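Here's the structure, in structure tokens; my notes come after.
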Amino acid sequence: MKTLIKKVATAALSAALAASISVTAQAEEKIKVGFVYVGPVGDAGWTYGHDEGRKEMLHKLGDKVEATYVESVPEGADAERVIRKLAQQGHDLIFTTSFGYMNPTLKVAKQFPKVKFNHATGYKRSKNVGTYAARFYEGRYVTGLIAGEMTKSNVIGYVGSFPIPEVVQGINAFTLGLRETNPDAVVKVVWINSWYDPAKEREAAEALIAQGADIINQHTDSPAPVQAAQDKGVLAFGYDTDMSRFGPDAHLSGSLVHWGDYYTDVAESVLNDSWTAKDIWGGIDSGMVKMAPYNKKIPADVVTAAEKARADIATGSLTIFEGPITAQDGSVKVAGGVKLTDGEILSMNWYVEGVEGELPQ
Amino acid sequence: MDIELITNVLFAMVRSGTPLLLVALGEVVCEKSGVLNLGQEGMMLMGAVTGFIVSFSTGNLALGVIAGMAAGIAMSVLFGALALGLRANQVATGLALTIFGAGLSAFVGTAYVGKPLTGIEALHIPLLADIPVLGPVLFQQDPLVYIALMILAAVWLFFRFSRPGLMVKAIGENPESATALGLPVLTVRWLAVMFGGAMAGLGGAYLSLAYTPLWAEGMTAGRGWIALSLVVFASWRIGRVLLGAWLFGLASIMHLVLQGMGWSISSNLLATLPYLATIVVLVILSSNASRIRMMAPVSLGKPFHPST
């Protein structure tokens, strides 16, 4: 027993010693930051956005940081191996950028208590695992305001991926914006059950255009819906990154995500030793959500109104999910003056008035 | 459903059926000669990526289409070397080709992801394009759709009326007897395999140059497999390949159209329709043992040893 205590004490002592050494080393040397990506860095969507954030962090912090990334890492057992390898290689801070990395991240984090982890779009945290995500829906509300002014047929087509709260939030926020400027307009949603299938995304956009939609919005990752809109002579909103090059005439704007500031802040917090496991859900106010450039087709007063809404969202004087909000069936879902909590937004499984069709449950 | 919507749906059906038609035509010729190539998905992806890279670099779409076909042929030569030359197991070789093609296309295409390209544009055929309904559906498509239909007609005529067509069928049915008759079994099989490769490459190039003019890793999304099941669905009949390709195309469009119309059928269920249809056909075909023997080339998938 005595020897065991002695052994534990020695181990603890050496661990503490090692920790203090690494702390001093950190203060003098640069930190190593690792990124795990689910797609290739050139996917023109999700992973591309994260990699732009990584580059911005490198640019802002200069030689204080060093960054490595591993791309196209499948979610699951392979992810755990990659994350563990990054931790073993002495990375001080690791970003795992896809929902499916949640459990592998927590597992590896347990084995490397000194390494800081931040996991995107997850909901499980621990002492050294923080989470982060973006309030895409804020940007989608702004695109809705524009859509209401630009539609002639009063039918907007929406290419959806999976009927999960993240996507439903976007549809509802978009529809609220749309009906704010055009109470007669409706949104038709088509689910393709995939995040990334260019051909299917295009077919869905074409099916919607055939049914009278003159603006296409999307919550899928490829620019195929924007291309379809361009070919058919209708309008579109992109997503994730600026997709205007895929449809210069069609692309009106889009809700973009911008990780650069967040990555820089987190790396700085590790540099000055103030990192804690936080849950960040950033929107327009934090600069995490931005708008793609507005197409010249949009009249100046519409752009002004959209920019005003964007500014009001940033200052907090405009809250998107604030009552009165009418549900699809006409009943009052949120009473006047009541704001939905983050928890309620994160579990959203109902449509607002103006969305057509039934939400698959 | 008004007439305009029906026209739009039928137009989309022909378009989305075209890559399936091309790939299935290639495979049906290959299988009629007795060779089963499961590498369609890999050959398609190589065709898609090569076609895109060449078109993007040269700005010439026709060159991209040819390069896509060439890439498909190159992949099929690899398959032929293993399955015909070394008499490796065709199923295993085909599967390996699919995995290899998926990986290699992702590797060579990395720098081209997210690059915009003006794709192949529609070509209205004078006079015919003005026919109501039929005009917009069949004669306002892009040139590759017309080419696909011409290839279909050529393959049908080939098997129906030509001596070489009969030769391919004879070799697929009984390579030993064909050898005894002095028919060049291996040469014919090589040509059939390469034709299959060219068609798969063309089908892939159709996706990356006409249907959705962009390159994305794994962009065929299982269409090579649908084309394979289409061959069984068509029970190796050329005419039925067209019927099947359009039916499969329609099924993949309809589940999107019906959602837009507010039908509350699960979109997951509707998306399974092409596969359900194939299973039903397989069940019907195999309910009668002699019927399936009549349909499938007898030597399908069996390596050929000239000595035995």
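The values are calculated or read from the model by the stated rules, or taken from the named source; none is laboratory data. Values in this document were obtained by computation on a predicted structure and should not be read as measured data. Here the Cβ positions follow ideal geometry from the backbone for every residue, glycine too, while neighbour counts run over all protein chains shown. Please note that ligands, DNA and RNA were not included when accessible areas were found on the heavy atoms of the full protein model with its side chains. Shrake-Rupley method; radii C 1.70, N 1.55, O 1.52, S 1.80 Å.
Residues whose amide H lies under 5 Å from that of A:Thr121, counting only those 5 or more places away or on a different chain, are A:Tyr132, A:Ala133; hydrogens are built 1.01 Å from N in the peptide plane.
Only one residue of A:Thr131, A:Ile171, A:Trp195 has its Cα farthest out toward the positive end of the dipole of segment A:90-212, where Lys and Arg carry +1 and Asp and Glu -1 on Cβ, and that residue is A:Thr131. The HN-Hα couplings worked out from phi for segment A:255-264 by the Karplus form 6.51 cos²θ - 1.76 cosθ + 1.60 (θ = phi - 60°) are 8, 9, 10, 9, 8, x, 4, 4, 4, 5 Hz, whole numbers, x standing for Gly and Pro. Mind checking the angle between helix A:46-61 and chain A's longest principal axis? C-alpha axes, 0 to 90 degrees, to the nearest 10. Long axis of A:46-61 versus the principal axis of chain A: about 50 degrees. Taking 7 Å steps out from each Cα toward its Cβ at B:Leu104 and A:Phe162 produces label points 3.3 nm apart.
Per-residue Karplus couplings for segment B:220-229, computed as 6.51 cos²θ - 1.76 cosθ + 1.60 with θ equal to phi - 60°, are listed in order as 6, 6, x, 5, x, 6, 4, 4, 5, 5 Hz, Gly and Pro entered as x.
Per residue of peptide A:130-137, the mean number of Cβ atoms on other chains within 10 Å of the residue Cβ is 0. Relative to the longest principal axis of the Cα atoms of chain B, the long axis of helix B:238-260 lies at roughly 30 degrees. Which log10 I(q)/I(0) values does segment B:9-295 give at q = 0.10 Å⁻¹ under the Debye formula, counting every alpha carbon as one identical point scatterer? Here log10 of I(q) over I(0) equals -0.53. Relative to the longest principal axis of the Cα atoms of chain A, the long axis of helix A:102-111 lies at roughly 10 degrees.
Excluding residues fewer than 8 places away in the same chain, name every one of the lysines whose C-alpha is closer than 23 Å to that of A:Lys152. Partners within reach: A:Lys188, A:Lys232, A:Lys296, A:Lys297. Sequentially through segment A:190-205, phi angles give Karplus couplings (6.51, -1.76, 1.60; θ = phi - 60°) of 10, 8, 10, 6, 6, 7, 8, 8, x, 5, 5, 4, 5, 4, 5, 4 Hz, Gly and Pro residues having no value and appearing as x.
Find the Rg to Rh ratio for the protein assembly as shown, where Rh is the Kirkwood radius over alpha-carbon pairs and Rg uses the same atoms.
1.03
Estimated from helical segments only, the mean residue ellipticity of the protein assembly as shown at 222 nm is -17500 deg cm²/dmol, where each DSSP H run of four or more residues counts as -39500 (n - 2.57). Across chain A, C-alpha contacts under 8 Å between residues 6 or more apart give a mean separation that, scaled by the residue count, equals a relative contact order of 17 percent.
The H on the amide N of A:Leu256, modeled in the peptide plane, is under 5 Å from the matching H of A:Lys290, A:Met291, A:Ala292, each at least 5 residues off or on a different chain. Spin-label model, B:Asp2/B:Leu183: points 7 Å from Cα along the beta carbon direction are separated by 5.6 nm. Just the Kirkwood number for chain A, please: inverse of mean 1/r across all distinct Cα pairs, in Å, one decimal. About 21.8 Å, per the Kirkwood formula over Cα pairs. When the solvent-accessible area of segment B:9-295 is split by element, carbon and sulfur atoms take up 74 percent of it, the probe being 1.4 Å. Compute the accessible area of each residue in segment B:207-240 twice, once for its chain alone and once with every protein chain present, using a 1.4 Å probe on heavy atoms, and list those whose area falls by at least 20 Å². Those residues are B:Tyr211, B:Thr212, B:Pro213, B:Leu214, B:Ala216, B:Glu217, B:Met219, B:Ala221, B:Arg223. With K and R counted +1 and D and E -1, the other residues having a Cβ less than 13 Å from that of B:Leu117 yield a net charge of 0.
Here the spin labels are modelled as points 7 Å beyond Cα on the Cα-Cβ line, and at A:Arg81 and B:Leu269 they lie 4.0 nm apart. With a Förster radius of 56 Å applied to the beta-carbon distance between B:Ser57 and A:Ser331, the computed FRET efficiency rounds to 0.45. The alpha-carbon of B:Lys302 sits under 19 angstrom from the alpha-carbons of these lysines, leaving out residues fewer than 8 places away in its chain: B:Lys32, B:Lys169. Counting charges near B:Val257 (Lys, Arg +1; Asp, Glu -1) among other residues having Cβ under 12 Å from its Cβ returns a value of -1. Starting from the exponent 0.38 and prefactor 2.2 Å, build the expected Rg for segment A:30-134 from its residue count and divide its actual Cα Rg by it. In units of the 2.2 N^0.38 Å rule of thumb, it is 0.98.
Take every pair of alpha-carbon atoms less than 8 Å apart whose residues are at least six positions apart; their mean separation over the length of segment B:132-270 yields a relative contact order of 15 percent. Element breakdown for chain A at a 1.4 angstrom probe: carbon and sulfur atoms account for 55% of the accessible area. Cross-link partners of A:Lys55 among lysines, defined as those whose alpha carbon lies under 18 angstrom from its own and excluding same-chain residues fewer than eight positions apart: A:Lys30, A:Lys32, A:Lys64, A:Lys290.
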